[in-house]
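> The structure under discussion is supplied below as structure tokens; questions concerning it will follow.
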């Protein structure tokens, strides 16, 4: 069995032991996020589902590695790390920036012949809506950038108020905003993988209607869900999100495929 915390790849973090070949859900973090952020959510899933969180370079245990600020480079490297998981039932969930990274990784896995159960995309408008240069948050000065993070709600205020933690955190988040704000999707066919898009009612960064636009990114099944809460609704509604994901996975305990 794989030991908790080790997966054989620096790109993937497991939070508990799982037998080889166990059906797997891979979670892609938001801008500035690390794998550890998703431990509480991962631990809500039953033992029959192996939840792994992607660990981007330059943070947590990979803090000594260079940050990646190019979407194609990040997706190429993450997809290579996920290729060995194509030997078992596999689903992917990405939140905010992670939704776009997850989409690009899914494109690459499909190009390698991979078959995924579902792609869950949360709190992010679809690739077709991305226009490089439209948003320039990554160019804000430090104080305005920190204020934006505080208002969004995913970064504890205590971290932003601590000078040492702020100096560590802000370059990581700024890098990720640069990555997503300069992203332009390459042309290509719709995914074969079915998509479940997820929005929050009070998310000030993206509307439910924008998130619903993901239906045009797939030729497979599509479903749109809305949860109460803000951009980080998954912290407010972890049990409800877990249950919704499980119900849409054929191989999960009590699961059924979305239609």
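The values are calculated or read from the model by the stated rules, or taken from the named source; none is laboratory data. Note that the coordinates shown come from a computational prediction; the quantities given were computed from them, not determined experimentally. Here the Cβ is made from the backbone with ideal geometry for all residues, glycine too, and neighbour counts use every protein chain on show.
> Here is a check on your reading of the model: is residue 213 surrounded by fewer than 21 Cβ atoms within 10 Å (Cβ to Cβ), touching a residue at least 12 places away in the same chain (Cβ under 8 Å), under 16 Å from residue 41 (Cβ atoms) and touching a helix residue (DSSP H, G or I) at 6+ places or on another chain (Cβ under 9 Å)?
no
> Could you list, in sequence order, the residues of region 73-103 that are touching a residue at least 12 places away in the same chain (Cβ under 8 Å), farther than 17 Å from residue 12 by Cβ and in a helix (DSSP H, G or I)?
Once the filter is applied, which keeps residues that are touching a residue at least 12 places away in the same chain (Cβ under 8 Å), farther than 17 Å from residue 12 by Cβ and in a helix (DSSP H, G or I), region 73-103 yields 97, 99, 100, 103.
> Right, something else. Could you tell me how many of the residues in region 90-108 are within 21 Å of residue 244 (Cβ to Cβ) and either surrounded by fewer than 20 Cβ atoms within 10 Å (Cβ to Cβ) or out of contact with any strand residue (DSSP E or B) (no Cβ under 9 Å at 6 or more places or on another chain) (or both)?
0
> Select, from 39, 13, the only residue that is over 27 Å from residue 125 (Cβ atoms) and part of a strand (DSSP E or B).
13
> Given the condition under 20 Å from residue 233 (Cα atoms), in contact (Cβ under 8 Å) with a residue 24 or more places away in the chain and not in a loop (DSSP other than H, G, I, E, B), answer yes or no: does some residue in region 104-117 qualify?
No, region 104-117 contains no residue that is under 20 Å from residue 233 (Cα atoms), in contact (Cβ under 8 Å) with a residue 24 or more places away in the chain and not in a loop (DSSP other than H, G, I, E, B).
> Give 186, 208 a once-over and let me know the one that is modelled with pLDDT of 90 or more and either more than 19 Å from the chain's Cα centre (by Cα) or exposed (fewer than 15 other Cβ atoms within 10 Å of the Cβ) (or both).
Within the list 186, 208, the selection yields 186.
> Just to be sure before I move on: is residue 157 out of contact with any strand residue (DSSP E or B) (no Cβ under 9 Å at 6 or more places or on another chain), closer than 24 Å to residue 229 by Cβ, loosely packed, with under 14 Cβ neighbours inside 10 Å and at pLDDT 70 or above in the structure I sent?
Yes.
> Looking only at region 241-259, filter to residues that are in contact with a helix residue (DSSP H, G or I) (Cβ under 9 Å, 6 or more places away or on another chain) and at pLDDT 90 or above; which one of those is surrounded by the fewest Cβ atoms within 10 Å (Cβ to Cβ)?
Residue satisfying both the conditions and the ranking: 242.
> Looking at (1) surrounded by fewer than 16 Cβ atoms within 10 Å (Cβ to Cβ); (2) in contact with a strand residue (DSSP E or B) (Cβ under 7 Å, 6 or more places away or on another chain), find the lone condition where residue 65 falls short.
In the conditions (1) surrounded by fewer than 16 Cβ atoms within 10 Å (Cβ to Cβ); (2) in contact with a strand residue (DSSP E or B) (Cβ under 7 Å, 6 or more places away or on another chain), residue 65 misses (2) alone.
> For residue 174, indicate whether it is touching a residue at least 60 places away in the same chain (Cβ under 8 Å), out of contact with any strand residue (DSSP E or B) (no Cβ under 6 Å at 6 or more places or on another chain) and farther than 21 Å from residue 38 by Cβ.
no
> Something else: Report, by residue number, each residue of region 192-205 that is crowded, with 19+ Cβ neighbours inside 10 Å and in contact with a helix residue (DSSP H, G or I) (Cβ under 9 Å, 6 or more places away or on another chain).
193, 195, 196, 197, 198, 199, 200, 203
> Kindly provide the set of residues from region 6-19 that are surrounded by 13 or more Cβ atoms within 10 Å (Cβ to Cβ), under 19 Å from residue 78 (Cβ atoms) and modelled with pLDDT under 90, ordered by number.
If the condition is that a residue be surrounded by 13 or more Cβ atoms within 10 Å (Cβ to Cβ), under 19 Å from residue 78 (Cβ atoms) and modelled with pLDDT under 90, then 7 is the only one that fits.
> Scanning region 20-47 for residues that are closer than 17 Å to residue 86 by Cβ and out of contact with any strand residue (DSSP E or B) (no Cβ under 6 Å at 6 or more places or on another chain), which turns out surrounded by the most Cβ atoms within 10 Å (Cβ to Cβ)?
23
> Now a separate question. Quickly run through region 137-154 and pick out the residues that are within 19 Å of residue 203 (Cα to Cα) and modelled with pLDDT of 75 or more.
146, 147 - these are the residues of region 137-154 that are within 19 Å of residue 203 (Cα to Cα) and modelled with pLDDT of 75 or more.
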